[in-house]
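Single-structure report; data block below.
The values are calculated or read from the model by the stated rules, or taken from the named source; none is laboratory data. Keep in mind that what you see is a predicted model, and the values were worked out from it rather than measured. With ideal geometry, Cβ positions are generated from the backbone for all residues, glycine too; neighbour counts draw on all protein chains shown.
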Amino acid sequence: MNVFLRLITYVRPYLGRVSIGISATLVIIGLDAAQPLLMREVIDNILTPYFTEGNYIGGDFPDTKIAADFDRLQFYALLLLGVYILHTIFSFINRYLLNRTGQDILFSLRVQVYDHLQHLGLRFYNDRSTGELMSRVTADVESLQYTVTDTLERVLVNIATIVIFGSILFGLSFELALITLLPMPLYSTLIILYNHKVRPYYTMARERIADISALLQDNLSGIRVIKCFAREGHELSRFTQKCKAFLTISITIIKTRVAFFPVARLVISMGPLLILLFGGRQVISGDLTIGTLFAFQSFLWRFYGPVESLTRINDTIVRAAASARRIFEILDTQPEIKDTPNALPFDRLNGSVEFQNVTFAYEHGPPVLQGVSLNVQPGQLIGLVGPSGAGKTTIINLICRFYDPDSGTVCVDGYDLKDMQRASLRSQIGMVLQEPFLFNGTIRENIAYGKLNATEADIINAAMMANAHDFVCGFSDAYDTHIGERGVRLSGGEKQRISIARAILNDPRILILDEATSSVDTETEMLIQNALERLMEGRTTFAIAHRLSTVRRADCLYVIDRGKIVESGTHTQLLASDGLYARLCDMQFALEEA
Amino acid sequence: MDLMIQQLIPETIDIRQNGDGLLLFADGEELAIDHIVRCFPFSTPEQWISLRDRDGTELGLLSTLDGLNTQSRALVEEHLKNRYDIPQIQTILNIESNKEGGTNWDIDTNAGPMSFTLRGDQNLNLNAFPEIVFTDAITRKRYKILDYTKLDRASQKNARAYLPMSSRHYSGRRGGRSRR
């Protein structure tokens, strides 16, 4: 479907409001039409009789006629005043209703895009930068602000105006009306050429803006690294480069526009010029009254105005289409992982996990997991160890069903994940990551993120279990403390303990610990480890750890190498088998000794 | 979820003045209270009060002050008042944007005219609306509007343009009535 027509479908819920708005505009057109006609009446029937061949002859008229003409003049003035007042009232109605509708459409479009984004899988995000997506949800949606309602209104109203005023022009003088249409073929050709030229420029401009957003988002998130490496100058030059690319395309658009619009205006100005020539001749030869010529000239601009306006609308549509295309591209992307119609909900999982001969590759890359099989009983602590890039995180991604395996099956509680509702699975998985992600809000809100109806007692209890309560109470606003973006006002260890409290409150059946203690000092590590012990109690836990001491008490350790499980067993068993795990342990021991 | 939270039972404890500090008598023990903290000073200020010693260790947690004997309650309330008392904004005289992208507020409070600077939503707390707490971005000092709906119209109008309030903050609050 044409992008603009698709945008128009968003008007459907507001048809009533839009109809009233457009009706108000039609009334405004009528009122616009009335003004020159009233003026023509005044000029031809009241004022013109007082002059002959440019000389005033009113002195010869009886006082009664002059008084009657004053009254008529007053009447027409009042009538015009009424027209102006009605014009103001209907303009208000029209502007308010259509602008309001525009805002409502933007609101629903923005929410729809965001909702859709949330349901798209990780593959979608792997290919795109955060800044670029943000640009689509904010800047691209914003650029449609007036497009839908305003453009629809302007298209309808301008067409109506052209028809109404065109008819009036033909009614006033058929011959002059035909002359009015003379510049139109050239004018239309210019519009077609302009569209063809400017359309790709607008798409490029939207892409350049997205590039700027992406770089900005990246750099602001990494401002510490930039400062640390003193790369401000380098980043400024990168940013300037991106801005220059946008500037270049913007200047190209400006050049195209400024070349087109004045030329178009020149072409259309030929109309009034021709009317002055031909209409003036008709007045001189007595075939046309001055009032009619005046009215014709007034209507002429009211006729050309909408024609010119349609040209500008065309420019708006071309520009908006570039944004709309980028928005619809998101909305048209189907989530690669969806619940099947028969997917089952699970209120409370037991927590057994099984991989049956699982093979998986990201996109078209080489397999990251090959024939992986593992069987985990509810409540077991499982350690996943191995070199970087071995496939440990991929195992976690498959348990959370962020991806589906290419072959083989992943089961929880004996059910294939494809047969489970994603929400009921994921709501029972808790994660504590190396870099915990906290939201910009209060500590209270962050802890209660997974259980919005948590009581104060629940929140305090979770914080106590996570060894967070004491440091939280040390802040002047305690649990009501705003922690800033990504929890920037907290230390790494504090953030980690808040994230553990959040996981505790969520009460997951399956817990994933991804290097949860690797980036903190020894004392904090003890506090976190202690909190994690409490968190792990009674839950199936998968712990990824490079520091092997943290997983040595696991019920079973799986050693992953190049996408395959090369060893499994307890710490003691693996040491005794003298394989990769034993070598990794030796290397770490040597490092610690050094 | 296991329970770690251990609350003091208000009816079974006694709090007494001890020089500049306070003493807690609970379970036959006598403990020196150094400071008393509200766990949720904005969202539920009257509940979850933490009694702490000099090292910041929690001596006990009161889910409510109800049930405390009169003298103990008065001592806790006075301590909390001293710790949390912040100037109450009565009129917002003027708000201006500053060059740093924040806003400067001139206000009249129960302690006289004052001014503060905000640099974003992090300096604002609307959790207990219609109560609003502002934190000066520079001095970290706090100021409070006890009930936004009871401010004069000019102050409300001044503030409305700068506060991130949504319809939930307005609904049912006209006429100066509060839902709290």
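Here are a few things to note about the model shown:
- Yes/no for A:Ile447 being at pLDDT 90 or above, over 20 Å from A:Ile560 (Cβ atoms) and part of a helix (DSSP H, G or I): yes
- Residue that is farthest from A:Thr442 (Cα to Cα), among those in segment B:13-56 that are outside any strand (DSSP E or B), in contact with a Ser or Thr (Cβ under 9 Å, 6 or more places away or on another chain) and acidic (Asp, Glu): B:Asp27
- Within segment A:462-491, being in a helix (DSSP H, G or I), hydrophobic (A, V, I, L, M, F, W, C) and under 18 Å from B:Leu124 (Cα atoms) holds for one residue alone: A:Ala478.
- Restricting segment A:412-441 to residues that are touching a Leu at 6+ places or on another chain (Cβ under 9 Å) and part of a helix (DSSP H, G or I) leaves a set whose member that is surrounded by the most Cβ atoms within 10 Å (Cβ to Cβ) is A:Leu425.
- Flag if B:Glu58 is without any contact (Cβ under 8 Å) to a residue 12 or more places away in the chain, of a type outside the set (A, V, I, L, M) and in contact with a strand residue (DSSP E or B) (Cβ under 6 Å, 6 or more places away or on another chain): yes
- Set side by side, the residues A:Arg489, A:Arg444 differ, and just one is within 13 Å of another protein chain (Cβ to nearest Cβ), surrounded by fewer than 19 Cβ atoms within 10 Å (Cβ to Cβ) and out of contact with any Pro (no Cβ under 9 Å at 6 or more places or on another chain), which is A:Arg489.
- Qualifying residue in segment A:408-421 (condition: away from chain B (no Cβ under 11 Å), farther than 26 Å from B:Gln6 by Cα and free of Cβ contacts under 8 Å to residues at least 40 places away in the same chain): yes
- Residue in segment A:518-526 that is outside any helix (DSSP H, G or I), in contact (Cβ under 8 Å) with a residue 60 or more places away in the chain, in contact with a helix residue (DSSP H, G or I) (Cβ under 6 Å, 6 or more places away or on another chain) and more than 10 Å from chain B (Cβ to nearest Cβ) present: yes
Okay, residues lined up against (1) in a strand (DSSP E or B); (2) assigned by TED's automatic domain parsing to the domain that holds B:Ala161; (3) surrounded by 15 or more Cβ atoms within 10 Å (Cβ to Cβ); (4) of a type in the set (Asp, Glu):
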| residue | (1), (2), (3), (4) |
| --- | --- |
| B:Ser63 | yes, no, yes, no |
| B:Leu68 | no, no, yes, no |
| B:Trp105 | yes, yes, yes, no |
| B:Asp108 | yes, yes, yes, yes |
| B:Met114 | yes, yes, yes, no |
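- Search result, residues across segment B:35-56 that are more than 25 Å from B:Lys144 (Cβ to Cβ) and more than 7 Å from chain A (Cβ to nearest Cβ): B:Asp53, B:Arg54, B:Asp55
- Filter pass, A:Ile500 being buried (at least 16 other Cβ atoms within 10 Å of the Cβ), away from chain B (no Cβ under 13 Å) and aliphatic (A, V, I, L, M): no
- Matching entry among A:Val137, A:Val155 (being over 15 Å from A:Val318 (Cα atoms) and not hydroxyl-bearing (Ser, Thr, Tyr)): A:Val137
- When the criteria are applied in full, A:Leu425 fails the requirement of being touching an Asp or Glu at 6+ places or on another chain (Cβ under 8 Å), over 23 Å from B:His35 (Cα atoms), more than 13 Å from chain B (Cβ to nearest Cβ) and not small (Gly, Ala, Ser).
- Close Cβ contacts (under 7 Å, 6 or more residues apart or on different chains) running from residues in segment A:471-482 that are more than 7 Å from chain B (Cβ to nearest Cβ) to residues that are assigned to a loop (DSSP other than H, G, I, E, B) and surrounded by fewer than 19 Cβ atoms within 10 Å (Cβ to Cβ) comprise A:Thr481/A:Phe475.
- In segment A:540-563, the residues that are modelled with pLDDT of 90 or more and either within 14 Å of another protein chain (Cβ to nearest Cβ) or surrounded by fewer than 16 Cβ atoms within 10 Å (Cβ to Cβ) (or both): A:Asp555, A:Arg562
- Some residue of segment A:453-461 being in a helix (DSSP H, G or I), away from chain B (no Cβ under 14 Å) and either buried (at least 23 other Cβ atoms within 10 Å of the Cβ) or not hydrophobic (A, V, I, L, M, F, W, C) (or both): no
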